[in-house]
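Student: Mind looking over this structure? Questions follow.
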Amino acid sequence: MPEAIIEATNLRKTFGHVEALRGLSLEVHAGSLCGFLGRNGAGKTTTLKILLGMMRPTSGEARVFGRRVSDSVASVEIRRDAAFVGEDKPLFDYMTVQDVIRFTAAFYPRWRHDLEQHYLATFGLSPAMKVKTFSRGMRTGLALLLALCRNARLLILDEPTSGLDPAMSEQVLQALVRHVASEETTVFFSSHQIAEVEQVADRVVIIDRGRTMITAALDDLRAQYRRIHFVFDEEAPAPVFRAKGVERMYRDGRVLTVLASAGAERIVEEGRTLRPVSVDVVPVSLKEIFLESSGMEG
Amino acid sequence: METSFLRPNPSSGVPIYLQLIEQVKHAIETGALRAGEQLPGIRPLAEQLVINPNTVAKAYRELEHEGVIELRHGAGAFVSGNVRPRQMTANVRAGQAIVAGAITRLRARGLGEEEIRRLFEAQLAGLPGKGERSA
Amino acid sequence: MLWYKAWLETRWRFLIGLAVLMMFACGAVLDYPAIARLNASVSAIDAPGNLGRLIREAAATQRTYRGFIWFQWYRQNLVQTWTILAVLLGSGGLMGASSGSALFALSMPVSRMRLAGVRAATALTELLALAVIPSLLIPLLSPAVGEHYGLGETAVHSLSLFLGGSLFFSLAFLLSAVFDDFWRPMLITCAIALSQTLVGALAGLPFSEMLRVMSAESYFRMGQVPWVGLGLAVTTGLLMLSAAVAIVEQRDF
């Protein structure tokens, strides 16, 4: 297993009376393109901000590059090797493109001027433009440029493609893939676009109400999750399966549906002993897995 | 060859790496890829198709395991010398005949097109570990 | 680049403030002949009570050019305008133009202390310039109305203003660390500053000490620099700035 670039253990964060994080743990490994999924308010932005030192956890610990995020000095070191693109693509509105680039580049001695030219062209930006006049797409382009040109080992992005048209989204994803492939960067990005996560991510972390529900390789999820339909002659029974991996079971008249996160074969075997008329096994999409883990009826 | 790879559909239910494997095999069958020709590198292909490089790597490993391609260390991926397009086409033709026969028999039992499709999909999906090799 | 960023965040307040103050300084000097003539007729007024006493005192002070400059410039125009600018420059703290700016700055590999420190230092440097540069116009322009004003006095008064008044800057800066918006720190500090200068002066309350220190009244009247007052102001200001940095270190963004 490659080294853990991000490690969070039992993070808790309370804002007044609201518990945003309730014991959240996760791991992201080097070289991974990891998707971070969760409903609005599940705690994604809070988690990302804690990793970068913008917020302090109420309790629990997190490490990035092995350094503790709650330590102010260590946190500065973390940010020397990491890049953050927040949900609103924070920038200095009162600066020009050139100023913002020079400001950022001043902190990163390994600044990639070649990539800077490339991304200026790709995203249609020119040095004299004023940030405050930017559309959403341009802000994203510039924020991404600033993140990618600093030669960071880790990119943390909060909903990088939200509000973007499909072409721009694809450019963003393509840039992320390129950096993971050739620059050996690790990417941890939150998103509501499940299809995009399915497209480029190799691992996924799904959280709900301040806790991690699922942490797995996408390929494993695809291979393991199954929806099994048993149809019976009469009213479907409500068995208790000995086989592990049953996430949910529902009966609708003569149909018993089982959502399995693993061991579908064993469940099918057991189910057959109840003499169903037919057995149907179908794959489960990431969207369904996500909805399921967020407590929504499938 | 680079431009003729189609972007895989991430939500189709078929794992992306399987879609890639199918594309390579199909390209060999149709003659778009010939024995000994070089395939795109893992990183460039991943970037072009905007998919995870591990997915491309997995597809290439599987194709190598099946003997369809050779991975030459430091040089890249090449279509196997002993792959004959006609042999693949023969397999596909034989497969077509089998499927045609099966569908005729299923129709004779009164099953409709959709039901037949679902049966095939369920059969394919209901075998966890189909096509997987431990990484 | 942190200094450049802080400059960009504060430059309009600084430049406009500088322009306004320089205009006031010119105005003060060039108005002198007219005011002097007016003064001659005012001394005859006999108003009752505290207010009357103040009016007579003011008139008496302004009989000399030196007194006039002290009263009009160092005790009124400069103090009032400069204090507002000190509050304006102190408000906004790390947030700058928007919370987006703060998040962007915080995502850089730089400590919060340095971010806040550079912001404070830039603003204080600007405030020093705002106290000294317009005041230098006075000795420069005085010969135009046939008068003379010493550089030494200019230095004492403008520096007293800066050192004493930096307290208000620090208060606004501290409040900005606590409140997220621009307006609350500004309004609260302005209210306190107003109560110091205006109300205090009229009612003769001890609060008007701040005004006395900032205008270096003891120096004007008796040649005694208000070291104690200035020392207290600077110390309190530094304590407030430290508190602001400590708050910024701990809070969430």
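Student: Taking the Cα atoms of segment A:28-90 alone, what are Rg (to one decimal) and Dmax (as a whole number) in Å?
Tutor: Rg then Dmax for segment A:28-90, in Å: 12.0, 33.
Student: Over all distinct alpha-carbon pairs, what is the Kirkwood Rh of segment A:101-150 in angstrom?
Tutor: Details: mean 1/r = 0.0911 Å⁻¹.
In segment A:101-150 this quantity evaluates to 11.0 Å.
Student: Using only the alpha-carbon atoms, how far is helix A:113-122 inclined from the longest principal axis of chain A? Give it as 0 to 90 degrees, nearest 10.
Tutor: Helix A:113-122 sits roughly 70 degrees off the main axis of chain A.
Student: In vacuum, with every alpha carbon of segment A:220-298 counted as one equal point scatterer, what does the Debye formula give for log10 I(q)/I(0) at q = 0.25 Å⁻¹? Two decimals, please.
Tutor: Log10 of I(q)/I(0), two decimals: -1.23.
Student: Could you tell me the accessible area of A:Val246 in Å² (1.4 Å probe, neighbours in place), rounded to the nearest ten?
Tutor: Only protein atoms counted, so the area is about 50 Å².
Student: Helix A:136-148: angle to the longest alpha-carbon principal axis of chain A, degrees 0 to 90, nearest 10?
Tutor: On a 0 to 90 degree scale, this one is about 80.
Student: Give the Cα extents of segment A:193-248 along the principal axes, in whole Å, largest first.
Tutor: If we take the Cα atoms of segment A:193-248, the spans are 44, 25, 20 Å.
Student: Where a Cα-Cα gap under 18 Å defines reach, which lysines qualify for A:Lys132, not counting those fewer than 8 residues away within the same chain?
Tutor: A:Lys89, C:Lys5
Student: Follow-up question, since we're still on this one. From zero outward in steps of 5 Å, how is the percent of C-alpha pairs of segment A:1-122 spread across the bins?
Tutor: 2, 9, 17, 19, 19, 14, 11, 6, 2, 0
Student: Between 0 and 90 degrees, rounded to the nearest ten: what's the tilt of helix C:112-141 against the longest Cα principal axis of chain C?
Tutor: The helix C:112-141 is inclined about 20 degrees to chain C.
Student: Also, I was wondering about something else. Per residue of segment B:11-26, in order, report the coupling 6.51 cos²θ - 1.76 cosθ + 1.60 (Karplus, θ = phi - 60°) as ³J(HN,Hα) in whole Hz, putting x for Gly and Pro.
Tutor: 9, 7, x, 8, x, 4, 5, 5, 4, 5, 4, 4, 5, 5, 4, 5
Student: Oh, and also: Hey, how many Å between the Cα centroid of segment C:1-70 and the Cα centroid of segment A:14-82?
Tutor: Each part reduced to its Cα centre gives a spacing of 55 Å.
Student: Hey, another quick one. List for segment A:95-110: residues with 10 Å² or greater reduction in accessible area, all protein chains versus chain alone, probe 1.4 Å?
Tutor: Residues shielded by partner chains are A:Met95, A:Asp99, A:Arg102, A:Phe103, A:Thr104, A:Ala106, A:Phe107, A:Tyr108.
Student: Can you pull the accessible area of A:Asp208 for me, 1.4 Å probe, Å² to the nearest 10?
Tutor: Using a 1.4 Å probe on the heavy atoms, I get roughly 10 Å².
Student: List, largest first, the extents of the alpha carbons of the protein assembly as shown along their principal axes, each in whole Å.
Tutor: For the protein assembly as shown, the Cα spread along each principal axis is 124, 58, 41 Å.
Student: Return the aspartates and glutamates within reach of A:Lys13: Cα separation strictly under 12 angstrom, same-chain partners fewer than 8 residues apart disregarded; answer none if there are no such residues.
Tutor: A:Glu61, C:Asp252
Student: Segment A:233-292: which trypsin sites (Lys or Arg not before Pro) are DSSP loop and have at most 13 other beta-carbon atoms within 10 angstrom? Intermediate values should be presented prior to the final figure.
Tutor: Working: sites: A:Arg242, A:Lys244, A:Arg248, A:Arg251, A:Arg254, A:Arg266, A:Arg272, A:Lys287; in loops: A:Arg242, A:Lys244, A:Arg254.
Sparse-neighbourhood loop trypsin sites (Lys or Arg not before Pro): A:Arg242, A:Lys244.
Student: Let me ask another. Cα-based Rg (one decimal) and Dmax (whole number) for chain A, in Å?
Tutor: 22.3, 73
Student: Taking a cut-off of 25 Å between Cα atoms, list the lysines near A:Lys244, but don't count ones fewer than 8 places away on the same chain.
Tutor: A:Lys244 reaches A:Lys287, B:Lys130.
Student: Now for a separate question. In debye, nearest 20: dipole of chain A around its Cα centre with unit charges on the Cβ of K, R (+) and D, E (-)? Intermediate results must be reported in sequence, preceding the final value.
Tutor: Details: 38 positive and 38 negative charges, 173 e Å.
Here the size comes out at about 840 debye.
Student: Alpha carbon centre of segment B:8-75 versus segment C:211-253: separation in Å?
Tutor: Segment B:8-75 and segment C:211-253 have Cα centres separated by 71 Å.
Student: Let me know the Rg and Dmax you get for segment A:241-280 when you use only its Cα atoms, in Å.
Tutor: Using the Cα atoms of segment A:241-280, the pair Rg, Dmax is 9.7, 25 Å.
Student: Determine Rg/Rh for chain C; Rg is computed over alpha-carbon atoms and Rh is the Kirkwood hydrodynamic estimate from the same atoms. Write down the numbers at each step before the final one.
Tutor: Numbers: Rg = 19.7 Å, Rh = 19.2 Å.
That ratio equals 1.02.
The values are calculated or read from the model by the stated rules, or taken from the named source; none is laboratory data. Bear in mind the structure is a predicted one, so any value in this text is a computation, not a measurement. Cβ coordinates were reconstructed from backbone atoms using ideal geometry, including for glycine residues, and neighbour counts include every protein chain displayed. We work out accessible area using only protein heavy atoms, side chains counted, and drop any ligands, DNA or RNA first. Shrake-Rupley method; radii C 1.70, N 1.55, O 1.52, S 1.80 Å.
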